[in-house]
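**Student:** Mind looking over this structure? Questions follow.
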Amino acid sequence: MVNQKPKSVEEIRKHRKPIVNINVKHKGNLSKLDKLALWITEHVGTMGFFIIIFIWTFSWLVWNSLAPQPFRFDPFPAFVLWLFLSNMIQIFLMPLIMIAQNLQSRHSEARAEADFEVNTKAENEIETILIHLENQNKLILEILNHIQKKEGGK
């Protein structure tokens, strides 16, 4: 490596790939269904949504269990239907959430790959700088030795 000719800045730039914003590229490659799955997951996968569903279910159960008989809009057998529907919602949401997680995982992998490319570029450029510095050190030592020989010869 000591005798290696350093690459010039132009050579480094010539071999450099253009910098790409992987987030923009990833969003551009999503289908409408992928975007819908992400939107649902982002909104359903929040504590706010959980609290709304919890309060709704608790209120439904309390009202239909404790309210006066004529005011109960969903007496006992029908509440079982509500539980069935809520389970169906969970069954449908689970695959959507998994789809969105897979999409987010692919995005994360693409970002990691882009980071790796940037790190590889930086490593190559740092190595080139180190080669330049080694060559400069050799030249400075040669110049210093040459000056010392001239001064010693006087």
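**Student:** For segment 54-72, name all the residues that are surrounded by 13 or more Cβ atoms within 10 Å (Cβ to Cβ) and part of a helix (DSSP H, G or I).
**Tutor:** Correct list: 57, 60, 61, 63, 64.
**Student:** Now, a different point. For the subset of segment 22-53 comprising residues that are loosely packed, with under 10 Cβ neighbours inside 10 Å and over 19 Å from residue 105 (Cβ atoms), which member is modelled with the highest pLDDT?
**Tutor:** So, considering only residues that are loosely packed, with under 10 Cβ neighbours inside 10 Å and over 19 Å from residue 105 (Cβ atoms), the one modelled with the highest pLDDT is 32.
**Student:** Now a separate question. Could you check how many residues of segment 61-71 are of a type outside the set (S, T, N, Q) and modelled with pLDDT under 80?
**Tutor:** Here is the first cut: in segment 61-71, the residues of a type outside the set (S, T, N, Q) are 61-63, 66-68, 70-71.
Going one step further and asking which of them are modelled with pLDDT under 80, we end up with 61.
The qualifying residues number 1.
**Student:** Between a first residue in segment 61-83 that is among the hydrophobic types (A, V, I, L, M, F, W, C) and a second residue that is surrounded by 10 or more Cβ atoms within 10 Å (Cβ to Cβ) and modelled with pLDDT under 70, which pairs have beta carbons less than 9 Å apart while being 6 or more apart in sequence or on different chains?
**Tutor:** Cβ pairs passing all conditions: 61/79.
**Student:** Another question, then. Which one is nearest to residue 125 (Cα to Cα), of the residues in segment 12-40 that are part of a loop (DSSP other than H, G, I, E, B) and over 16 Å from the mean Cα position of the chain (by Cα)?
**Tutor:** My answer is 16.
**Student:** Let me ask another. Cβ contacts < 8 Å: first residue within 16 Å of residue 21 (Cβ to Cβ), restricted to segment 110-123; second residue of a type in the set (Val, Ile, Thr) and in a helix (DSSP H, G or I), any location; separation 6+ or different chain. Result?
**Tutor:** The qualifying pairs are 110/22; 111/22; 113/22; 114/22.
**Student:** Being surrounded by 14 or more Cβ atoms within 10 Å (Cβ to Cβ) and either acidic (Asp, Glu) or touching a helix residue (DSSP H, G or I) at 6+ places or on another chain (Cβ under 7 Å) (or both) is the filter here, so list the residues in segment 101-116 that pass it.
**Tutor:** 103, 107, 110, 114 - these are the residues of segment 101-116 that are surrounded by 14 or more Cβ atoms within 10 Å (Cβ to Cβ) and either acidic (Asp, Glu) or touching a helix residue (DSSP H, G or I) at 6+ places or on another chain (Cβ under 7 Å) (or both).
**Student:** Between a first residue in segment 39-55 that is without any contact (Cβ under 8 Å) to a residue 40 or more places away in the chain and under 23 Å from residue 102 (Cα atoms) and a second residue that is part of a helix (DSSP H, G or I) and of a type in the set (Phe, Trp, Tyr), which pairs have beta carbons less than 7 Å apart while being 6 or more apart in sequence or on different chains?
**Tutor:** That search, which allows pairs on different chains as well, returns 43/49.
**Student:** Could I ask something else about it? Does residue 142 qualify as being charged (D, E, K, R), modelled with pLDDT of 85 or more, out of contact with any Gly (no Cβ under 7 Å at 6 or more places or on another chain) and surrounded by 14 or more Cβ atoms within 10 Å (Cβ to Cβ)? Steps first, please.
**Tutor:** Numbers: charged (D, E, K, R): yes; modelled with pLDDT of 85 or more: yes; out of contact with any Gly (no Cβ under 7 Å at 6 or more places or on another chain): yes; surrounded by 14 or more Cβ atoms within 10 Å (Cβ to Cβ): no.
Considered against the rule, which asks whether it is charged (D, E, K, R), modelled with pLDDT of 85 or more, out of contact with any Gly (no Cβ under 7 Å at 6 or more places or on another chain) and surrounded by 14 or more Cβ atoms within 10 Å (Cβ to Cβ), residue 142 comes out as no.
The values are calculated or read from the model by the stated rules, or taken from the named source; none is laboratory data. Predicted model, so just to flag it, every value in this text is computed and none were measured. Cβ atoms come from the backbone with ideal geometry, glycine included; neighbour counts cover every protein chain shown.
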